[in-house]
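To start, the structure under review is shown below, and the notes come after it.
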Amino acid sequence: MTESTTDRRKRLAGLSDDIASADSKNDLIDAIDSALGVSAPVGDPATLETLGKRYRGHADDALGVSERVDKVARKGLPEVWVGDTSVLASDAVSAASRSAVQMSEALRGGGNALLNLADWLKVAQKDDGDGRAKLREARGMLGGKDGFFDDWYEDDDEESARLKARSVASSGIQLLHQAAVTADDAARHAARDLNKWAAEARAGKLNTDELSAVDRLMLADTSNAGGDPELNEILTANDLERSGRAMEKLSPADRSRMELLLADAKTPQEKAYLMKALAAGNSVDEVDTFAKKIHGKDPVWLQQHLAPVTTGYEPSNKDQERQAFKGKLWDQDGETCVPSSTVTARAIVDPVYALELTGGPDGTDDDPDHFRERLTDEQLRLHEEGDGDNSGWWWDEHPSGMDKDGQVEISNKELSPHTGDHYEAQNMGGEDDRRNVLPDIEKSVAEGKPVPINIERYDENNDRHGHSMMIIGQEGDKLQIYNPWGVTTWVSEDDFIKGDLSAAADDRYSPAHKGNVDTVYIQQG
C-alpha cells in the first residue's frame, strides 16, 4: 500500500535522526536501507500540466460567456417572470453572469492548483532522486554488514569510513526528507484548493429536475445582506446537494406545495431559506410553518434572525468579529462551551432551529433578552443530553464541562441529521496529525459542514483547561473559527498545524501556556 505524503514525511524525519546518530556500521546500513525503502513522491507532472492548462482554457471560455450575458443585461429586459418559482428575468440574467464568472474562477483556480502541484512535484521528485543517489553511494561505501563479533569493535580506519559514509547518507536523507515535505505540502495545498473550487462551482450542485435551470441558478447565487456575498451565501454546497435530493424524493403533492411556497416568496433570500430548511431535513409541513413565519420579511430581517454568523471581516483580518442578535452575543452560558458551540452550529445549518431561538415559537418574539434565555435553555439542554459534568452544591449546581464521548453524542444528535454525516473524535498527538487531518477539515467546511474542535492550555499550577470551538469556514490558507464566547476569527493553516489557536481565543491558549489543538471531530459520510 502506498504511504500517504504525511506518513512519508514523518517516517523520513525519524530516519534522518537514525542516520545522524548511527554509531555502528550495521545501524547505519539498516537506516540507509530503510530510507531507500520509503516510496518516492508519486504522480506525473506532465499529465497534471496538461489538465491544468485545459482547465484554464475552459476558464477563458466561461469568462467569454459571462461577457456575452452582461451585454444582454445592459440592453435592458422587460419585467417578466421566468422559472417555476417566478424569478425576475433581469435577476436571472445577472445571476447567470455571476455564475459564469464563478465557473471561470473555479476552472482557473483548479487549473492553477494542478499547475502548481506539477511544478512542486517536479522539484520533489528531483530532490528525491538526488537523495537516493547519495544514499546508494553511502551504502556502497559501507560494503556488507559486520558479523556479530566484528560489530563489537571498530578500529580507526573503520570509524573513519563509517563517518564518511554517514556524512554522505545524511546529505541524502535530508534531500529525501525535503522532497517528502515538498510533496506533502503541495498535495495538501492542491487538495485544499481543488475541494474549495469544487464547492464554489455551485449552480450544478442543486441537481433536481423538479426546479427549472433558472430557479437552480438563482438559489445558488443568493447571499445574505451584509458582508461579502461570496462569504455569506445562504445555501452551502452541501445544502444545494441535500435540497436537490430532498426535492426528488418528495411526493407529487408535497413537491407541488414546495414549489408554491417558493413561488410565493417575496425575495431571493426568502426562497433560499425555504430550500435551506428542506436541506436541513425538515418535512414540507415544517417548511410550510416556517414559511408563514418568514413570509414577506426583508433580507436584513432574514439575516438577523436566521444567520447566527455574518462574515464582515476578510480572511486577511486577524481580529475577532462579534456575532450577536440585537446586541446579545451568540455566546456560552458558564462552562458550556461544547453544547454552546453545538447549538450555534446547528442554528447555522438549520434556519428553522435558528428562528426558534431568535423569534420564539411563533417567530415574532425577537426581544433580545428572551433570545438570550432561549439560547441558555438550549445550551443547558444539550449539556444534559451529553451527560455533562456539574459542580457546586446540589441546590446550586452549574455546568463544568463535557467529556469527548458526550461531545460526539450531541454532535451526532444535533448536527448529523441536518448535514448528513456523523462525527468521530480524532485526537491530535502533534503537528503531523494536524497536518494530516487538515484536508478533511477544509473539505467539510468548504461544503458547509461545521467541524468541532477542542483546544487546551495549562495554568501556572500546571492544571489542564480545555475549550471547544467550531471551524465553520475556509478561504485560501485561512480557517474561520467560531468561539462560543460569541466571536469568529480567521486563523492560518500554519497556526492550526502548530496547535496555536490563541488568536481565536486569547493569550492563555498561546504556546507560552502550552496551548494546543487537542481533538478534532471529523465528519464521516
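The values are calculated or read from the model by the stated rules, or taken from the named source; none is laboratory data. Quick caveat, the model's predicted, so the values are computed rather than measured. Backbone-built Cβ (ideal geometry, glycine too); neighbour counts: all protein chains shown. To get the accessible areas, we keep the full protein, side chains included, count just its heavy atoms, and leave off ligands, DNA and RNA. Shrake-Rupley method; radii C 1.70, N 1.55, O 1.52, S 1.80 Å.
Quick notes on this one:
- Cα gyration tensor, segment 269-311 - rounded (a/c under 1.5), prolate or oblate: oblate
- Among W393, W490, W197, the sequence by solvent-accessible area, most first, with a 1.4 Å probe is W393, W197, W490.
- Cα-based reach from K293 at 17 Å (exclusive), listing aspartates and glutamates while leaving out same-chain residues under 8 positions away: D264, E270, D285, D350, E356, D362, D365, D366, D367
- Anisotropy class assigned to segment 349-473 is oblate, per the alpha carbon gyration tensor with a/c at or over the 1.5 cut-off and a/b no larger than b/c.
- For the chain, the solvent-accessible area of protein heavy atoms averages 45 Å² per residue (probe radius 1.4 Å; ligands and nucleic acids excluded).
- Projected label distance in nm at E137 and E230, using a 7 Å step from Cα toward the beta-carbon: 4.8 nm
- Amide H partners (placed H, <5 Å) of I522, local residues excluded: E424, Q426
- Helical runs assigned H by DSSP (4 residues or longer) give the chain a calculated mean residue ellipticity at 222 nm of -19000 deg cm²/dmol, each run adding -39500 (n - 2.57) before division by the residue total.
- Options (i) 1.07; (ii) 0.96; (iii) 0.93 - which one matches Rg/Rh (Cα atoms, Kirkwood Rh) as calculated here: (i)
- Helix 25-36 axis versus longest C-alpha principal axis of the chain: approximately 30°, rounded to the nearest ten.
- With a threshold of 30 Å on the Cα-Cα distance, the over-threshold entries among K53/K134; K328/K498; K292/K413 are K53/K134; K328/K498.
- Taking label points 7 Å from Cα along the Cα-to-Cβ direction, D506 and H370 give a separation of 3.3 nm.
- With the simple spin-label model, which puts each label point 7 Å out from Cα in the Cβ direction, the D477 to D494 separation comes to 0.6 nm.
- Working note: Karplus 6.51/-1.76/1.60 with θ = phi - 60° gives segment 241-253 the couplings 5, 5, 5, x, 5, 5, 4, 5, 8, 5, 5, x, 5 Hz, where Gly and Pro are set to x.
- Relative contact order of the chain: 12 percent, from C-alpha pairs under 8 Å at least 6 residues apart in sequence.
- Segment 292-374 shape via C-alpha gyration tensor axes, a/c threshold 1.5: oblate
- Computed E for S24/T50 - FRET, C-beta separation, R0 56 angstrom, nearest 0.05: 0.70
- 5 angstrom amide H check on A324, placed H, neighbours 5+ away: W330
- Student exercise, the chain dipole from Lys, Arg, Asp, Glu Cβ charges, in Debye to nearest 20: 2280 debye
- Farthest towards the positive end of the charge dipole of segment 210-347, among the residues T267, V338, L231, is the Cα of T267, using unit charges on the Cβ of Lys, Arg, Asp and Glu.
- Karplus-derived 3J(HN,Hα) values for segment 9-21, using 6.51 cos²θ - 1.76 cosθ + 1.60 with θ = phi - 60°, are 4, 5, 5, 5, 4, x, 5, 4, 5, 4, 5, 5, 9 Hz; glycine and proline are entered as x.
- Counting only protein heavy atoms and a probe of 1.4 Å, the accessible surface of the chain is 48% carbon and sulfur.
- Ranked by the mean number of other Cβ atoms within 10 Å per residue, highest first, peptides 317-323, 108-114, 478-484 order as 478-484, 108-114, 317-323.
- HN-Hα J in Hz across segment 385-391 - Karplus 6.51, -1.76, 1.60, θ = phi - 60°, x for Gly and Pro: 4, x, 6, x, 7, 10, 9
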